[in-house]
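Each value in this text was obtained by applying a stated rule to the coordinates, not by laboratory testing. These numbers come from a predicted model, not from an experiment. As a convention, Cβ positions derive from the backbone with ideal geometry for all residues, glycine included, and neighbour counts pool all protein chains shown.
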Amino acid sequence: MSNSTSKPRRTPQGRRDSRRHTPKVDTKGIYQRAIRDSFVKLDPRVQVRNPVMFVVWIGTIITALLTINPYLFGNVPGENLRFFNGLITVILFFTLVFANFAEAVAEGRGKAQADALRSTKSDTIAKKLSPDGKIQEVSSTTLRRGDIVKVIAGDIIPADGEVISGVASVDESAITGESAPVLKEPGSDIASSVTGGTKIISDELTIRVTADPGKGFIDRMIALVEGAERSKTPNEIALTVLLAVLTQVFLIVVATLPPVANYVKNPVSVAILIALLVALIPTTIGGLLSAIGIAGMDRVAQFNVVATSGRAVEACGDVNTLVLDKTGTITLGNRLAEEFIPVNGHSLEDVAGVALAASVFDETPEGKSIVRLAERLGAEVDFDRTQAEGIEFSAKTRMSGTDLPDGREIRKGAVDAIKGFVRSRGGKLAADLDQAYERVSRLGGTPLAVCQNGDIYGVIYLKDIIKPGIRERFEQLRRMGVRTVMLTGDNRITASVIAQEAGVDDFIAEATPEDKIAVIQREQAEGKLVAMTGDGTNDAPALAQANVGLAMNSGTQAAKEAANMVDLDSDPTKLIDLVTIGKQLLITRGALTTFSVANDIAKYFAILPVIFAAAGLQTLNVMGLVSTQSAVLSALIYNALIIPALIPLALRGVKFRPLTANQLLQRNILLYGLGGVVAPFIAIKVIDVLISAVGLV
Amino acid sequence: MWQGFLQIALTLIIVIIITPFLGSYIARVFLGKKTFLDPIITPAEQFIYNLSGIRHKEDMTGWQYTRAILYSNLFMGIFVYLILMLQGVLPLNITNLSAPSWDLALHTTISFLTNTDQQHYSGETTLSYLSQTVCLGFLMFTSAATGLAVGIAFIRGLTGRTLGNFFVDLIKSITRILLPISLVGALLLLILGVPDTLAGPATTTTLEGNIQVIARGPVASFEFIKQLGENGGGFFGINSAHPFENPNPLTNLIETIAMISIPAALIYTYGIFANNTKQAWLLFWMVFAIFILLVGISAIGEYQGNPLVNTLLGGQQPNLEGKEVRFGWVETALWAIVTTGTMCGAVNGMHDSLMPPGGFSTLFNLFLQIIWGGQGTGTAYLFVFLILSVFVTGLMVGRTPEFLGRKIEKREIVLASVILLIHPILVLIPSAITLAFPDALAGISNPGFHGISQVVYEYASATANNGSGFEGLGDNTLWWNLSASVSLLGGRYIPIIALLLLADNMKNKQPVPETTGTLRTDTVLFTSVTAGVILILGVLTFFPILALGPIAEGFQLAKGI
């Protein structure tokens, strides 16, 4: 697990250079491609998917016809009509192009990323192992699930798979951007899965293929970043409905206007009616809506997390409860042995000796630290290693150890697990064991008991270090209304000490994988949305159950498939950042919707008084716009230009602050609500002055 | 002038005092809690249940509730239409009136069935006592009760309860709310001089020796439910301006309060259902603030009078055209805003004669439909606006918007949009058609901007189920009767279907627990935001019409043309 303390803390607002991209993306061509795409997207089959912009599209066609023949729909007074209608057509056309450009830019990064990924996916020759043991060279595209392949140093791994034999280092930079090679070996839950497209750089591996061609991890990633499978998220759909309804309302308003206007002998031309309609319908948010969604996904991707759907990203903002593993998320991954506490009348040397014997086969960082501490205290291995047998840790027994050649059984593990072992071997429990256990627990450490057959020797104090800054993160989460639950295999006292120090809201001590799913179900039953991280195969059900499941890339294939997000850096702390990204996405959408609707007031005040001047509404021309034509054009030019002006905001997202909901609402309503009312008054006036000055109208 | 505003203040203080009492009484009735009327009413209700064969009082789903409303209303409509068409041969026809034309009868039936009471006729010269009391009086109770039932069912769904049983709600609305209050109210009116008789018109000899026939009838009993139930259909053609409907300032006060009391109280009722009276009061004050603004605008407009007349008079005089002098400018202005706000539709002066600010305010009320709003439905619309506000602005706190812990998603937005969309469709489209053929269809008495107000008012009043008329229209024609009927039916039943389905939908949602990350809707901040959203959505939709109608007329008058 990566250690995030040495790097600058990554938040969505973190320094740009502190974020790594997956993989290195060539961003040079993005804008050229986007400009090209914004014209390609003018295709009505594309436009019809966005009801607001489709109305603009139809309006552009009609004004174009009116440019050719201004008297298409009957006689209209006024001069220079062709020029005026032509200007309206051009502005409407650019409104469409700008909206397309926003979407194309947002898609651009994803497409560039997909291209980079695709280049790693070139057809390779795989060494397929036949059942009779012969090696057969085949194309990687012919590999099927269950095939066995052999890879040696320098090969590209042909498909996703599970290592069944061999130990080798693999360069996974193609997908993670991390250049340091990763050790792969069979058996272990985490290190045994390999990804197609990555490169083996030493030794050799035998791999069982776990994905059919086209369904591997990289294929899925390409589809995701490219947005090929992008479906609208629930909130986006609801918002699209509302925008479509507002568009229909304004369609009715504008369509019913001519008889009313004619009745008071103040006829309005079709071109101006179309201009009014386009100004009123929510083109700003309509044009930027899909860009906001794509950019949100992209922010997640820039953060080295692959989300399987936009729905998952959106759900992040709604999360009520984070279920976090203590180890790696709240505390630094590795606990280190700090002290041996002898009990039952044994000496410190005895404890060190037994602890060493119990840990010689333990390859975990904890085990190694016990060995180091014991050796520092002068303990030595007093038996033949090759004759001894290592007993692996399991979640069920919660202990590990060594069976010595002379029949001694040495064990270390959770204190009550060891107590059970001792009882089963007919031993007695020491009175001072519980004192030592409590002392370590109160320090927030993990007590491990060591025993030899039925005799308890002492307690190992494993020290846990809480990640710096994590307390503040939880503080922020609490303000945003997100509850944190810590899961740990530690005993209750240790867990409560760590929980308090880290500032989590709740904890589950002595947790089993089943507890994980139970706590998720319990929270969900209360209507809460739950997010969690996990990497092991036994986390898979919980990852699937959670509303947001973030799997570590270092984790097993099962975990990655069950989760709806995969973190390529394997840093569980990122779950907290994802909550922020999800919220930011929703806030951006809401802010621009509010802004867009609030703009209409100014647009009404710009257009209505001048077109109904004959009806004596000139008094309402509060902006003092020069003429009918300049007023209509100014409102339309504002309407078109506001889209590219807001593209950076749509792509970057509104700045998020960890505030309570009410503080956020207050801030954003002032900025985007009130701002949306005021800004266009000023902007339209300025545009009016400018276009009158250059003599456009 | 200040005396005038004091009258307004006094009326509204009484309303504010009544609200929590009436609101909690209504809540107790529909929550099935004990009330002081139980000993008398429970046996009476049991009798009705036995008689009508309502044995199953199970809660209904949104669709069941909707179907129950549609079928029962259809049945009542057919019944009333037949009686109107047969009134010539039926009893209690003292003045020997013949049946009205088929389209007028249809319009009248639909109009009373939808709690609108738009009248294209004068009651005293068109309808027999039987038609007035048995048909229209009956519909006044049932249509008001239907609205109340919808409002309560909506509140139930919103607060996570099952919607209830329509027939039980309908009967309870009548037996426990409308009937007892109407009894007391009618008695009060009777004491204050409103007649109530089945005798024919009185005939007297005037001082000049002419014979005068004075229409009368069972007025007091008709009058109070007309006000309380937001019906508004007058016994007499000139409605509450008639001295037999509304003889003096005291009856005027009672009738004004009767209009506003239930819609105002229902907001408080919501507070009890949602266990959040703080929010109820906030919403109450929000509506109150907009209401006061509109009252102020129209009262000042009336007080300042008509500039053209003022020039002739050589000084500023209140506008008294189309008003009863016993009420004066202030009580007429207040009444006009109350009656258009609450969708009552009774009038004590002619809205056609209001100054442009009054015309603006009354139209504004009909467009928004929530400045108190119609019986039951108005309160429901208020929450639809709240849901829309939550949806638009709620995103800005970084969560999927939720109201009372329930997520607002596509289906909710679709249903809320129906309500947002149906109003402009049913008001603007027929208005545009009518104005496109002014000579053939409109029958407008005033050309120009005022003519626009007249036409739009008619359809807005029909769609909002208000029923008051700007008047000045020759509206008893085939076109007006049929086109207004479409607006009446669409404006009533389409929103009711949407509201009930929306309520059902909200009820079925798993509520999300509230945290500091949840947008609280019971704050001053959010209530102000809601007011902004309501005004923007309302104004944006109808701004061109308001601009070309009353606003243009106001500018024109100000210029002295």
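Remarks
- Charge dipole of the protein assembly as shown (Cα centre as origin; +1 on each Lys and Arg Cβ, -1 on each Asp and Glu Cβ, all else neutral): 980 debye, rounded to the nearest 20.
- Farthest toward the positive end of the dipole of the protein assembly as shown, out of B:PHE288, A:ILE294, B:TYR25, is the Cα of A:ILE294, where the dipole comes from beta carbon charges about the Cα centre.
- In Hz, Karplus ³J(HN,Hα) per residue of segment A:140-153 (6.51, -1.76, 1.60; θ = phi - 60°; x = Gly, Pro): 4, 6, 8, 5, 10, 3, x, 5, 10, 10, 10, 10, 10, 2
- Inter-chain Cβ neighbour count for A:596-603, averaged per residue, equals 3 (cutoff 10 Å, partner chain atoms only).
- Kirkwood Rh (inverse of mean 1/r, distinct Cα pairs), the protein assembly as shown, angstrom: 35.2
- Considering every alpha-carbon pair of chain B, the percent of pairs per 10 Å bin, from zero through the bin containing the longest distance, is 4, 18, 30, 28, 15, 5, 1, 0, 0.
- Counting only alpha carbon atoms, the long axis of helix A:513-525 and the longest principal axis of chain A meet at about 30°.
- Per-pair calculated FRET efficiency, R0 = 30 Å: A:SER424 and A:PHE383 via Cβ, rounded to 0.05: 0.85
- The long axis of helix A:30-40 is offset from the longest Cα principal axis of chain A by roughly 50 degrees.
- Checking the cross-link pairs A:LYS111/A:LYS560; B:LYS57/B:LYS507; A:LYS412/A:LYS463; A:LYS368/A:LYS419; A:LYS463/A:LYS574; A:LYS265/B:LYS323 against a 27 Å limit on the alpha carbon distance flags A:LYS265/B:LYS323 as lying beyond it.
- About the Cα centre, charge dipole magnitude for chain A (Lys/Arg +1, Asp/Glu -1 at Cβ), debye: 2860
- For segment A:383-535, the residue among A:ILE391, A:LEU462, A:GLN521 whose Cα projects farthest onto the positive side of the dipole built from Cβ charges is A:GLN521.
- For q = 0.22 Å⁻¹, Debye-computed log10 I/I(0) when each Cα of segment B:1-140 counts as one equal scatterer: -1.19
- Within segment B:52-148, trypsin sites (Lys or Arg not before Pro) in DSSP loop having at most 15 other beta-carbon neighbours inside 10 Å: B:ARG55, B:LYS57
- 0 to 90° range, to nearest 10: angle between helix A:675-693 axis and chain A longest Cα axis: 50
- Separation of the A:ASN75 and A:THR397 label points, Cα + 7 Å toward Cβ, nm: 10.3
- Counts of other chain beta carbons within 10 angstrom of each beta carbon in peptide B:424-437 average 4.
- Centre-to-centre separation between the Cα atoms of segment A:502-562 and those of segment B:339-405: 46 Å.
- HN-Hα J in Hz across segment B:342-352 - Karplus 6.51, -1.76, 1.60, θ = phi - 60°, x for Gly and Pro: 8, 6, 6, x, 6, 10, 10, x, 8, 5, 4
- Here each label is just a point 7 Å from Cα along the line to Cβ, and for B:GLN64 and B:LEU198 those points are 4.0 nm apart.
- The reciprocal of the average 1/r between distinct C-alpha atoms defines the Kirkwood hydrodynamic radius, which for chain A equals 29.3 Å.
- Here chain B is assigned +1 on the Cβ of each Lys and Arg and -1 on the Cβ of each Asp and Glu. Its dipole about the Cα centre then comes out at about 1820 debye.
- Shape call, segment B:354-422: gyration tensor on alpha carbons, a/c limit 1.5: prolate
- From phi via Karplus (6.51, -1.76, 1.60), per-residue ³J(HN,Hα) for segment A:595-606 in Hz, x at Gly/Pro: 4, 4, 5, 5, 4, 4, 4, 5, 5, 4, 5, 7
- Tensor-based shape of segment B:451-561 (alpha-carbon gyration tensor, a/c under 1.5 rounded, otherwise prolate or oblate): oblate
- Residues of segment A:474-495 with amide N under 19 Å of a point placed 7 Å along Cα→Cβ from B:LEU525: A:476-482
- Gained length - A:ILE58 relative to A:THR141, 0.36 nm times residue gap less alpha-carbon distance: 25.3 nm
- Per-residue shielding of A:482-489, expressed as the average number of other chain Cβ atoms within 10 Å of the residue Cβ, stands at 1.
- For segment B:254-358, the Rg and Dmax computed from alpha carbons only, in angstrom: 16.6, 58
- Under 5 Å between amide hydrogens, built in the peptide plane, is the criterion, and for A:SER309 it picks out nothing among residues at least 5 positions away or on other chains.
- The chymotrypsin sites (Phe, Trp or Tyr not before Pro) of segment B:30-68 meeting both criteria, a DSSP state outside H, G, I, E and B (loop) and at most 12 other C-beta atoms within 10 angstrom of the site's C-beta, are B:PHE36.
- Packing rank of B:17-26, B:331-340, A:461-470, A:349-358, where each peptide gets the mean count of other beta carbons within 10 Å, highest leading: B:331-340, A:349-358, B:17-26, A:461-470
- Relative to one another, the C-alpha centroids of segment B:181-237 and segment B:71-88 are positioned 24 Å apart.
- Ordering of A:284-297, A:195-208, B:316-329 by burial proxy (mean other Cβ atoms within 10 Å per residue, highest first): A:284-297, A:195-208, B:316-329
- Computed on the Cα atoms alone, the convex hull of segment B:131-244 gives a volume of 110 cubic angstrom per residue.
- Segment A:344-466 shape via C-alpha gyration tensor axes, a/c threshold 1.5: rounded
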